[in-house]
Structures are given as C-alpha cells and as structure tokens.
1. Could you give the nm distance between label points at SER92 and GLU36, where each point is 7 Å from its Cα heading toward the beta carbon?
2. Select from LEU59, LEU6, ALA39 the residue farthest towards the positive end of the dipole of the chain; place +1 on Cβ of Lys and Arg, -1 on Cβ of Asp and Glu, and compute about the Cα centre.
3. Averaged over every viewing direction, what's the projected area of the C-alpha convex hull for the range 3-94? Give it in nm², one decimal, please.
4. How much length is gained if the chain between LYS2 and LEU62 is pulled fully straight, taking 0.36 nm per residue apart and subtracting their Cα-Cα distance, in nm to one decimal?
Amino acid sequence: MKLRELAHSRTGDKGNTLNISLICYDARHYERLRAEVTAGRVKAFLGDVVLGDVVRYELPRLAAFNFVLGKALGGGVTRSLALDAHGKSLSSALLDLEVPNRD
C-alpha cells in the first residue's frame, strides 16, 4: 500500500534544507509508520535529490514526523535551476513510498 493511504504531508524550506512533515490520518498508524518510514528509507527513496543527511524528528502526541533533508534543493531557492526549487513536489513523491499492508 502507498504511504498516502495512511498519512498526508507538508513541506517547508530554508536555504538548501527541506522539511517534510508526515502526519498520520489516524493516530493508530503512528507506530507502524515509525517502524517503516525511517530516515534511511526516506533518503534512499528520494535518491539523488537529497545529497545531505536526513534526520527524523518524532512527534508522537501529534502522530506525526518531521524529516529534515539537507542539501536537497540544489543550493536553495535563489540558486537552483530546478522547476520545483521549494521542493513541494517531494512531499508528494514521499507519499508514493510502499508500506506493508497489515490489514
């Protein structure tokens, strides 16, 4: 199943750093996503787009995660020639991540 069936996301940027928040639709899925959507898996899934480290911050009371992706915006909004210099499409891309169907 696609991650988008269990959560939605938002993005933000600061320079060459991108934040992707991942928010569970249902708090019951938090532990499942905690196990499946690791920083390493996010970095691997987004491939060559993220040249720096990926750090995951856990927000259990919100049933959410914040991923901070370093060197992910081609130098930053004012320096990048990318069509999506803010990285907004990366949150949608992340929601295509496959997670095991446990239902």
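1. 2.2 nm
2. Comparing the listed Cα positions along the dipole, LEU59 ranks first.
3. Details: hull surface 21.3 nm².
About 5.3 nm², averaged over all directions.
4. Details: separation 60, 0.36 × 60 = 21.60 nm, distance 2.09 nm.
Net length gain for the segment: 19.5 nm.
We did not get these values from a lab; they are worked out from the coordinates using the rules stated. Here the structure is a predicted model, which is why all the values come from computation and not from measurement. A quick note on method: Cβ atoms are made from the backbone with ideal geometry, for glycine too, and the neighbour counts reach across all protein chains shown.
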